[in-house]
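Let me begin by presenting the structure, written as structure tokens, before commenting on it.
Coordinate-derived values only; no laboratory data. A quick note: this is a predicted structure, and the numbers were derived from the prediction, not measured. Positions of Cβ are backbone-derived with ideal geometry, glycine not excepted, and every protein chain shown enters the neighbour counts.
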Amino acid sequence: MAKTKLGILISGRGSNMQSIARACSSGEVPAEVAVVVSNRADAAGLEWAADNGIPTAVFSHKDFESREAHDEAIVTRLQEAEVEWVCLAGYMRLLSSVFIDAFGNRVLNIHPSLLPSFPGLHGQRDAFDYGVAVSGCTVHIVDLELDHGPIVVQRAVPVEGCGDAGALADRILIEEHRAYPEALKRLLTEPWTLEGRRVAFGRGAS
Ligand code: GAR
């Protein structure tokens with residue numbers, strides 16, 4: 001059976017990209033990473049991707065007049081690589097409808113909080129500062145709102161024992177690296193359907 005082709009979008013370190021790529025290489029997720037795209041040329045994850053034989057591309061948002069034009073260039077590159085599913089992995093840009101129109105519900109994101117609590121750029125710090133006892137991470141289908149679409153997988157993380165937001169972020173990241181491959185595996189191997197905001201597994205055909 002042909003493996004599903006993934007495109008991964010990053011803006012920085014790319015540790016979630018690595019966890020997805022490793023899960024694909026090991027066979028845990030029946031997919032291959034066809035291309036890694038970044039909006040930042042200095043994203044550290046690009047080097048890891050290249051070192052591991054994964055094609056990379058950079059489209060700086062500063063080179064485009066609009067969010068739509070930037071997304072259009074990325075979508076074209078992903079389509080050239082025959083990408084079927086897109087994983088945002090620390091990609092710090094809101095997507096326009098250009099992206100959603102091209103890939104529909106096959107765009108995923110990971111966020112370091114239990115959504116709908118603490119969306120945005122500082123999910124771990126906001127949860128820590130609020131004083132929650134439990135935080136975690138969320139893998140969700142992307143829609144046009146920030147950190148908002150239907151939830152695929154959530155994993156909880158206790159805050160107790162974390163001395164600061166950085167310690168909580170480290171603890172959450174360990175779960176992120178489990179949650180993203182788990183979400184991908186389920187979506188690619190199990191029947192699922194969307195019931196409103198709910199991702200319902202096992203009851204319909206994908
Ligand atoms: C991860 O913690 C991810 O959840 C977060 O950025 C980090 C990227 O790390 N994403 C968001 O906050 C999205 N709103 P990584 O580059 O090592 O995967």
Exercise. Using r as the Cβ-Cβ distance of Asp170 and Ser25, and R0 as 25 Å, what FRET efficiency do you calculate, to the nearest 0.05?
Worked result: 0.55
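Report the net charge of residues surrounding Ala169, where surrounding means a beta-carbon distance below 12 angstrom and charges are Lys +1, Arg +1, Asp -1, Glu -1.
Values: positive: Arg13, Arg125, Arg171; negative: Asp126, Asp164, Asp170, Glu175, Glu176.
So the surrounding residues net to -2.
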Exercise. Each residue of segment 36-42 in turn: what ³J(HN,Hα) in whole Hz from Karplus with 6.51, -1.76, 1.60 and θ = phi - 60°, glycine and Pro shown as x?
Worked result: 10, 10, 10, 8, 10, 5, 8
For this session: Compute the distance in nm between two label points, each set 7 Å from the Cα along the Cα-to-Cβ direction, one at Thr189 and one at Lys3.
Result: 1.4 nm
Seminar exercise, completed: For segment 157-206 the trypsin sites (Lys or Arg not before Pro) that pass both the DSSP coil test and the at-most-14 other-Cβ-within-10 Å test are Arg197, Arg203
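If you take every residue apart from Glu84 with its C-beta less than 11 Å away from the C-beta of Glu84, what net charge results, scoring Lys and Arg +1 and Asp and Glu -1?
+1
As an exercise, use a Förster radius of 22 Å and the Cβ-Cβ distance of Glu80 and Val58 to find the FRET efficiency, rounded to the nearest 0.05.
On the way: r = 15 Å, r/R0 = 0.67.
In this case the efficiency is close to 0.90.
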For this session: Quick one: which residues, 5 or more positions from Val86 or on another chain, have an amide H under 5 Å from its amide H? H modelled 1.01 Å from N in the peptide plane, none for Pro or chain starts.
Result: Gly7, Val107, Leu108
Seminar exercise, completed: Taking a label point 7 Å from the Cα of Arg178 along Cα-to-Cβ, the residues of segment 140-165 whose backbone nitrogen sits under 13 Å from it are 154-158
